[in-house]
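Have a look at the structure below, then the notes.
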Amino acid sequence: MRDAGLLRRSRWFYFTTFAAITIALAGAWVGFAFLHDSWFSLLIAAALGLIFTQYAFLGHEAAHRQVFESGKANELAGRVLADFFVGMSYSWWMAKHTRHHGNPNTATKDPDIEPDFIIFQESDAAAMTGWKAAITRRQGWLFFPALLLEGINLHRLAYGTVFSRKKVDKRAFSIALLMTRNVAYLAVIFSFMPLGMAFAFLGVQLAIFGLYMGSSFAPNHIGMPILPADSKVDFLRRQVLTSRNVSGGWFMNIFMGGLNFQVEHHLFPSMPRPHLRKANEIVREYCQAKGIEYTETGYGRAQVIVLQYLNKVGLMAGANSFDCPSAMRYGR
C-alpha cells in the first residue's frame, strides 16, 4: 500500500510546479502583448523556449506514471502536455523512450544511440565515408550548434508520427491537439508581429527550446559505457553503469526536471521527482557496498565529458578497424 503522506506530497509538488510554469507562460504572453512590435520581444521568445521545456519535463514524468495514481490520468496528462503545450508527439516519445529504458546504452536495442546526425558508437563512426565522415569527425564541436535545430526536429517528428501509416494510439486526438496548438501559436505570432520579426521570434523560441531540451538529456547517458547487444548484465548494473547523475541541489532538480537523478530514475521510473533525492542516498550507499560504480558529476563537467566523448567517437570516422572497449570490459 502506498504511503498517503508521500502521495499528497507528490500531488502538491506537481500541482504547484504546473501552476508556476503556467503563471510564467501567462506572464510571457502579457510581455508579448506589450513588446510584440519591438525587438525586445525576442526575450519573450527565449522565455517561451524555457517554459515549453519545463512543460516537456512534466510530460515526461506523466508518461512514467509519476504524477497521478491512475494510469489513464497520467496518459491523458502526458498527451496534453506533450502534444498541446509543447507541440511534441506523445506517441512518438513513448515508443522511443520505452525501448530506451529497457536497454539503456545497449547496442542495437537503445534507439537513443542509433546513428543520426550525431554518432554515438565508434563502430558506426568507422563506417562513415565522404561528407558524413567529415561531419562526424567534428561532431563534438557541432553538437551544441546542432541542438539549436532540435526544436524544429522534434516538431517534424511529431507530425511525421501522427500522419504516418504506422499504428498510432489516439491518432485523431493527437492530431487535434497538435494542430490546435501550432495553428493558434503561429496565428498569434504572425498576426501581431511584422513578418521578419515574427520569423525571428519563432527561430529564437525553437532554438532555445532545442538547446535546453538537448543539453538536459545529453548528460544522462552520453559518455557512459555502451553495452554489447548480447551482454549478460543484471538489471541493477545495466541501469546504474550506463547512467550519470548531475549534482547541483534543488536548483538542478528544477532546471533538469528531475533528470539530474538519472540513476534513480532508471531504477525506479515511476518514482515521483520529490522522492528521488532520498532514493539517491539509499542507492548510492547500496552501490558502494556492492562495489558497483556510481557516477555523479557537476553540470558543467558532464557537458565537457559529453563533448569529449563525441569527439573521441568522431575521430573513428572512416576508420577500417574497430575494437570495442565495452565488449572487452564485459568479456564479449
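Computed from the coordinates by the stated procedures, all read-outs in this text should not be read as laboratory data. The structure presented is a predicted model; accordingly, all values stated were derived computationally and were not measured. Because the Cβ atoms are built from the backbone with ideal geometry, glycine has one as well, and the counts that use them run over all protein chains shown.
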Over the range 195-332, equivalent-ellipsoid semi-axes from the Cα gyration tensor in Å
30, 24, 12
Which value at 222 nm does the chain reach when only helices count, each DSSP H run of 4 or more adding -39,500 (n - 2.57), with the total divided by all residues and rounded to the nearest 500 deg cm²/dmol?
-21000 deg cm²/dmol
Could you give the distance between the Cα centres of the range 275-313 and the range 92-152, to the whole Å?
21 Å
Which value in Å does the Kirkwood hydrodynamic radius of the range 110-179 take, with 1/r averaged over all unlike C-alpha pairs and then inverted?
14.4 Å
Under a point-charge model restricted to the Cβ atoms of Lys and Arg (+1) and Asp and Glu (-1), what is the dipole moment magnitude of the range 4-329 relative to its Cα centre, in debye to the nearest 20?
520 debye
Run through the range 1-91 and list the trypsin sites (Lys or Arg not before Pro) located in a DSSP loop whose Cβ has at most 10 other Cβ atoms within 10 Å.
Arg2
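For a quick check of your reading of the filter: which chymotrypsin sites (Phe, Trp or Tyr not before Pro) in the range 105-206 sit in a DSSP loop and have no more than 14 other Cβ atoms within 10 Å?
Working: sites: Phe117, Phe120, Trp131, Trp141, Phe143, Tyr159, Phe163, Phe173, Tyr185, Phe190, Phe192, Phe199, Phe201; in loops: Phe117, Phe120, Phe163.
Answer by residue number: Phe117, Phe163.
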Let me make sure I get this right: for the range 49-189, a, b and c are the square roots of the gyration tensor eigenvalues over alpha carbons, sorted descending. Under 1.5 in a/c it's rounded, otherwise prolate if a/b > b/c, else oblate. Which is it?
prolate
If we count GluC sites (Glu not before Pro) as exposed when they sit in a DSSP loop and have at most 12 other beta carbons within 10 Å, what is the longest stretch of the chain that avoids them all?
70-292
Value of D in µm² per second that Stokes-Einstein yields for the range 200-280, Kirkwood Rh from Cα pairs, at 25 °C (0.890 mPa s)
174 µm²/s
Please state the shape class of the chain: rounded when a/c is under 1.5, otherwise prolate if a/b exceeds b/c and oblate if not, all from the C-alpha gyration tensor.
oblate
